Amino acid sequence: MSFRVVPAAYVLLTDAEGRVLLQLRQNTGYRDGHWAAAAAGHVEAGEPVQAAACREAAEELGITIDLADLVPLTTMHRTHGNGREIDERVDFFFACTRWSGEAERREPEKSAALRWCALDDLPYPVVPHERHVLDGMRAGTLAGIVSFGF
């Protein structure tokens, strides 16, 4: 039996104060009511993960990110442990401190709010696997490759 994973790209925008931009999820069917990366989504067929990260930032926040401004943070292999293909994931997390435009909610039907948050004062609740990455960023202990849910 072959194993399949769903790839996703996450952009953690950080400002000069070290805060990260988070969105409050709504009406998505996944972790609604949780805070999450302000820009994230599935990698499309034939699309490099870095291009997916930039595309998601443009679609969700209306900003333009240069590929050179994406800094790889970690790659996360995660599972929900239920055997469903959609719940087997490889997530690519990027940090970004430079972009063009003013970040705003471009998909208000999916995002109830945007908020700049200090890593040591995150809102509750944060999507658990994203909280793992944010906590690792804060502590300076984030490994290049991590597993979650196994």
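The values are calculated or read from the model by the stated rules, or taken from the named source; none is laboratory data. Computed from a prediction, not measured in an experiment: that's the story for all the values here. Virtual Cβ from ideal backbone geometry, glycine too; neighbours counted across all protein chains shown. Heavy atoms of the whole protein, side chains included, go into the accessibility calculation; ligands, DNA and RNA do not. Shrake-Rupley method; radii C 1.70, N 1.55, O 1.52, S 1.80 Å.
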Query raised in the report: If a residue has to be surrounded by 15 or more Cβ atoms within 10 Å (Cβ to Cβ) and in a loop (DSSP other than H, G, I, E, B) to count, how many in the stretch 27-46 make the cut?
Result: 4
Query - Residues that are of a type outside the set (Val, Ile, Thr), open to solvent by less than 40 Å² (accessible area, probe 1.4 Å) and either closer than 15 Å to TRP35 by Cβ or in contact with a helix residue (DSSP H, G or I) (Cβ under 6 Å, 6 or more places away or on another chain) (or both), drawn from the stretch 108-150 - result: SER111, ALA113, CYS117, ALA118, LEU119, LEU122, PRO123, PRO125, HIS129, GLU130, LEU134
Query raised in the report: Are any residues in the stretch 27-49 farther than 13 Å from VAL127 by Cβ, in contact (Cβ under 8 Å) with a residue 40 or more places away in the chain and not aliphatic (A, V, I, L, M), and if so, which ones?
Result: ASN27
Query raised in the report: Hey, LEU70 hits all of (1) touching an Asp or Glu at 6+ places or on another chain (Cβ under 9 Å); (2) closer than 25 Å to ASP135 by Cβ; (3) surrounded by 20 or more Cβ atoms within 10 Å (Cβ to Cβ); (4) not β-branched (Val, Ile, Thr) but one; which does it fall short on?
Result: (1)
Report summary line: By residue number, the members of the stretch 78-102 that are hydrophobic (A, V, I, L, M, F, W, C) and either open to solvent by 30 Å² or more (accessible area, probe 1.4 Å) or within 23 Å of PHE3 (Cα to Cα) (or both) are ILE86, VAL90, PHE92, PHE93, TRP99
Report summary line: Those residues of the stretch 47-67 that are among the acidic types (Asp, Glu), open to solvent by 40 Å² or more (accessible area, probe 1.4 Å) and under 14 Å from the mean Cα position of the chain (by Cα) come to a total of 1
Query raised in the report: Can you name the number of the only condition in (1) more than 13 Å from LEU13 (Cα to Cα); (2) in contact with a helix residue (DSSP H, G or I) (Cβ under 9 Å, 6 or more places away or on another chain) that GLY29 fails?
Result: (2)
Query raised in the report: Of all residues in the stretch 125-150, which are in contact (Cβ under 8 Å) with a residue 12 or more places away in the chain and in a loop (DSSP other than H, G, I, E, B)?
Result: PRO125, VAL127, LEU142, ALA143, GLY144, GLY149, PHE150
